[in-house]
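The values are calculated or read from the model by the stated rules, or taken from the named source; none is laboratory data. Nothing here was measured: the structure is a model prediction, and the numbers come from that model. All Cβ positions, glycine included, derive from the backbone under ideal geometry; neighbour counts span all protein chains shown. Calculation scope for accessible area: heavy atoms of the full protein, side chains included, ligands and nucleic acids excluded. Shrake-Rupley method; radii C 1.70, N 1.55, O 1.52, S 1.80 Å.
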Amino acid sequence: MEENRPTLAVIGGTGKQGRGLAYRWARAGYRVYVGSREAARARETASAIRARLADRAADVHGLDNLSAARQADVVVLSVPYAAHRATLEALRPALQGKILVDVTVPLRPPRVSRVWLPPHGSAALEAQDLLGPDVAVVDAFQNIAADVLWQDDPIEADVLVAGRGKANRHRVMALVEAVGFRAWDAGPLENTVAVEALTSVLIYMNKAYHATHLGVRVVGR
Ligand SMILES: NC(=O)c1ccc[n+]([C@@H]2O[C@H](COP(=O)([O-])OP(=O)(O)OC[C@H]3O[C@@H](n4cnc5c(N)ncnc54)[C@H](OP(=O)(O)O)[C@@H]3O)[C@@H](O)[C@H]2O)c1
C-alpha cells in the first residue's frame, strides 16, 4: 500500500453521491474502484468518469462491490440507509484492517427533512458495531450535495470528519482535502450522530430557501 495515495473503493459508486466522489478522486490521481451490485453497471460509471477525464488517463475501474472492497486500502460506503446493514454484512471480511469512510445518512423517507436517529444513534455507530474493532469507521461528506461533487466549480462548503481514532480521521481528512474541500476533525464516533443529523437540517433548508446544495462553513478558527 502506498501511504499517501491509498487505493480507494466506492461502494454504491454508481449512485449520485458515489459517482461524484469517484470522479473527484480519479481527477486527483487516485486509483479508484467503483463498486456496484452489478459489475457491468460499475464499469459503465467508471467508463463515463474516464471519458470525462479523457485528458488525464484516469485510473478508475468498475467491479462488483465485494471485489472493489477487496482491492482497496480505504473503502467508501455510499448506499441508501435501507441497504446499509445488508451491504456491510456482505463486505465485512473484505473490510478488516481498513478504514471505512461512511457517507450514509440515516434518512427515513418520505420525511427526509426531519432528523431521525436510528437505534444506535448514527449509521456510523451501527457500522462500527457490526464490523468490529479491526475496522475504523469514519464519517465524511454527509453534508455535501451530490451535484456539488459532480461539477468543477470552486467549492464553498466544508466537510466534517468524525469517527474512530484521530489518526484515521486525519487520513480521511487528507482524502477530503485532495478533492478540494476544507476538512475539519469533528471528533470521535459519537459525534457522527450530529454530523449525520445535520443532513436532514440541510435538506429542510434547501426546500425552505429554494436551493439545491446548501452546505456548512465553519468560521472563527
Ligand atoms: N445524494 C446526495 O446529495 C447525498 C448527499 C449526502 C449524503 N448522501 C448519502 O449518500 C448515500 C448515497 O446517496 P445517493 O444519493 O448516491 O443514493 P442512490 O443514488 O439512491 O444509491 C446509491 C447506490 O446504492 C446502490 N443501492 C441502491 N439500493 C440498494 C440496495 N437495496 N442494496 C444495495 N445497494 C443499493 C445502488 O448501486 P447499484 O444498483 O449499482 O448496486 C445505487 O447506485 C445515502 O446514504 C445518502 O443519504 C447523499
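Quick look at the numbers
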quantity	calculated
Test: ARG217 is of a type in the set (Lys, Arg) and either buried (at least 20 other Cβ atoms within 10 Å of the Cβ) or out of contact with any strand residue (DSSP E or B) (no Cβ under 9 Å at 6 or more places or on another chain) (or both)	no
Qualifying positions in region 104-145 - surrounded by 18 or more Cβ atoms within 10 Å (Cβ to Cβ) and outside any loop (DSSP other than H, G, I, E, B)	ALA123, ALA124, LEU125, GLU126, ALA127, GLN128, LEU131, ALA136, VAL137, VAL138, ASP139
Per-region count, region 63-87, residues over 18 Å from TRP150 (Cα atoms), in contact with a strand residue (DSSP E or B) (Cβ under 7 Å, 6 or more places away or on another chain) and outside any loop (DSSP other than H, G, I, E, B)	9
Answer from ALA58, ALA26, ALA22, ALA48 - the residue that is over 19 Å from ALA174 (Cα atoms) and part of a helix (DSSP H, G or I)	ALA48
LEU160 vs. criteria open to solvent by 20 Å² or more (accessible area, probe 1.4 Å) and within 14 Å of the ligand (Cβ to nearest atom)	yes
Number of positions in region 80-103 that are more than 17 Å from VAL32 (Cα to Cα), of a type in the set (A, V, I, L, M, F, W, C), open to solvent by less than 70 Å² (accessible area, probe 1.4 Å) and near the ligand (Cβ under 10 Å from one of its atoms)	3
Residue that is most open to solvent (accessible area, probe 1.4 Å), among those in region 6-39 that are under 18 Å from ALA69 (Cβ atoms) and more than 14 Å from the ligand (Cβ to nearest atom)	ARG31
Complete set of residues in region 120-152 that are under 26 Å from THR45 (Cα atoms), free of Cβ contacts under 8 Å to residues at least 12 places away in the same chain and within 16 Å of the ligand (Cβ to nearest atom)	GLN151
So ALA42, is it part of a helix (DSSP H, G or I), within 8 Å of the ligand (Cβ to nearest atom) and touching a Gly at 6+ places or on another chain (Cβ under 7 Å)	yes
Failed condition for GLY62, given (1) within 11 Å of the ligand (Cβ to nearest atom); (2) surrounded by fewer than 23 Cβ atoms within 10 Å (Cβ to Cβ); (3) more than 16 Å from VAL101 (Cβ to Cβ)	(2)
Check on VAL216, out of contact with any helix residue (DSSP H, G or I) (no Cβ under 9 Å at 6 or more places or on another chain) and on the phi < 0 side of the Ramachandran plot	no
